[in-house]
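To start, the structure itself, in structure tokens.
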């Protein structure tokens, strides 16, 4: 089962543990994430991150992602297995 970071928890300057869901625009650590709204895989390498973040999504509700690995290059088979263990929708 996944955990969702609270409003104050996702404004950290640290790492997110695998299995935790955060808003998409709060991603601050490299890894592999699953988009909770559609099950797509999102790979975030270190080079894609910027210090203050530049993505700002505005809408009636946050678009949550769940981190499944600290490794952005995790093999698809392993990513599917971890996502299934966390009861996430898989569309990759």
Potential lengthening between residue 84 and residue 52 on full extension [0.36 nm per residue; Cα-Cα distance subtracted]: 8.3 nm
Per its Cα gyration tensor (rounded if a/c is under 1.5, else prolate when a/b beats b/c, else oblate), region 28-92 is best filed as oblate
Just to be sure I understand the model, the point goes 7 Å from the Cα along the line to the Cβ. What's the resulting residue 77 to residue 61 distance in nm? 3.6 nm
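Read the figures in this text as sums done on the coordinates, not as results from a lab. Bear in mind that the values here come from a model prediction, so they are computed numbers and not experimental data. Every residue, glycine as well, gets a Cβ built from its backbone with ideal geometry; the counts of neighbours run over all protein chains shown.
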